[in-house]
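Before any comments, here is the structure.
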Amino acid sequence: MNDRKMLDRLRKLFALARSSNPNEAALALNRAQALMEEMGLDDPSLVIDIDEQTAAFILSNAKRVPRYEALLRHMICDALGVKAVRDHVGAIRFYGHNARTQIAAYAYSVLARQLMRERRAFLAKQSPRIKLKTRRGRADSFAEHWVFAAASLLKKMEIPDRERALTEAWAERMYPDMVTAGTRAAAKVRGADDAGLAGAMAGLRARLDHGVSGAAQGALGETRRIGTEMGGNGL
């Protein structure tokens, strides 16, 4: 059984330990303690409070990560006090406090969809007579500045030192071979500045509650509540 499966097993045991049946609760707690000892864990919070969530939308599957994608990911991590990893197909997994990772995955999915749609619309307006490299460079500049402007949607939360330490411990256990990938910035092409200005204007119109389901709307409200309770400003 690998670490991920063992942690899932631990969470189920801790959930059973809250059972109203005293015998069932005691048995589950004993098994949880034994499994923690086997894994070399001494802090239940690493299992109960720290988790990861995968964003429901892939912005790019390019091996060389577009800078606008990295900027969006960093913006969300910085505001919500979580960390993120990107797998080989471009899926983004946020890890940290389990309430915040859900918020992060939701926010990334909503904003990434809007960003892709806006970038495609901008690219479609470029004259086909312009070199492809120039058109793509402009579109990337548009996207990067879109993210900078959309950052105003997220208010930074204060993260306790203990939570940061738990998040780092999770990363060391679950992603011991994690490496930092390079990014591909927008090419310096003619018209990039104007494209960036257009992106910034479009980014100011970004919304976190745009075109989402009732469940996601509820998650956004929960985000604001959690932000208030944790001493931050929410979203």
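Examine region 42-55 for a residue that is under 30 Å from residue 196 (Cα atoms) and under 27 Å from the mean Cα position of the chain (by Cα), and state whether such a residue exists.
yes
Quick one: which residue in 209, 177 is modelled with pLDDT under 95 and open to solvent by 70 Å² or more (accessible area, probe 1.4 Å)? Break it down into steps so the answer makes sense when it comes.
Details: 209 fails: open to solvent by 70 Å² or more (accessible area, probe 1.4 Å).
It is 177.
Here are some residues: 70, 62, 32, 28. Which one is within 17 Å of the chain's Cα centre (by Cα) and either buried (at least 17 other Cβ atoms within 10 Å of the Cβ) or under 23 Å from residue 147 (Cα atoms) (or both)? I'd like the intermediate steps shown before the answer.
Values: 62 fails: within 17 Å of the chain's Cα centre (by Cα); 32 fails: within 17 Å of the chain's Cα centre (by Cα); 28 fails: within 17 Å of the chain's Cα centre (by Cα).
Going through 70, 62, 32, 28 in turn, just one is within 17 Å of the chain's Cα centre (by Cα) and either buried (at least 17 other Cβ atoms within 10 Å of the Cβ) or under 23 Å from residue 147 (Cα atoms) (or both): 70.
Quick check on this structure: which one of 78, 49, 87 is in contact (Cβ under 8 Å) with a residue 60 or more places away in the chain, open to solvent by 30 Å² or more (accessible area, probe 1.4 Å) and within 30 Å of residue 13 (Cβ to Cβ)?
Numbers: 78 fails: within 30 Å of residue 13 (Cβ to Cβ); 87 fails: in contact (Cβ under 8 Å) with a residue 60 or more places away in the chain.
One residue alone meets the criteria, 49.
Return yes or no: is residue 150 over 16 Å from the mean Cα position of the chain (by Cα) and more than 16 Å from residue 54 (Cα to Cα)?
no
Output the residues belonging to region 100-138 that are among the aliphatic types (A, V, I, L, M), surrounded by fewer than 20 Cβ atoms within 10 Å (Cβ to Cβ) and in contact (Cβ under 8 Å) with a residue 40 or more places away in the chain. Explain how you work it out, then say what you get.
Step one: list which residues in region 100-138 are among the aliphatic types (A, V, I, L, M), which gives 103-105, 107, 110-112, 115-116, 121, 123-124, 130, 132.
Now restrict to residues that are surrounded by fewer than 20 Cβ atoms within 10 Å (Cβ to Cβ): 116, 121, 123-124, 130, 132.
Scanning region 100-138 gives a single hit, 116.
Whether any residue in region 164-172 is open to solvent by 50 Å² or more (accessible area, probe 1.4 Å) and assigned to a loop (DSSP other than H, G, I, E, B) is what I want to check. So that I can check it myself, show each step before the final result.
Narrowing region 164-172 to residues open to solvent by 50 Å² or more (accessible area, probe 1.4 Å): 164-165, 168, 172.
Remaining after also requiring assigned to a loop (DSSP other than H, G, I, E, B): none.
No, region 164-172 contains no residue that is open to solvent by 50 Å² or more (accessible area, probe 1.4 Å) and assigned to a loop (DSSP other than H, G, I, E, B).
Only one of (1) in contact (Cβ under 8 Å) with a residue 40 or more places away in the chain; (2) farther than 20 Å from residue 51 by Cα fails for residue 180. Which number is that?
Going through the list (1) in contact (Cβ under 8 Å) with a residue 40 or more places away in the chain; (2) farther than 20 Å from residue 51 by Cα, residue 180 breaks only (1).
Do we have any residue at all in region 150-157 that's over 30 Å from residue 191 (Cα atoms) and open to solvent by 50 Å² or more (accessible area, probe 1.4 Å)?
Yes, region 150-157 contains a residue that is over 30 Å from residue 191 (Cα atoms) and open to solvent by 50 Å² or more (accessible area, probe 1.4 Å).
The values are calculated or read from the model by the stated rules, or taken from the named source; none is laboratory data. Quick caveat: nothing in here was measured; it's all calculated off a predicted structure. Note that each Cβ is placed from the backbone with ideal geometry, even for glycine, and that neighbours are counted across all protein chains shown. Just so you know, the surface numbers come from the protein's heavy atoms only, side chains and all, with ligands and any DNA or RNA stripped out. Shrake-Rupley method; radii C 1.70, N 1.55, O 1.52, S 1.80 Å.
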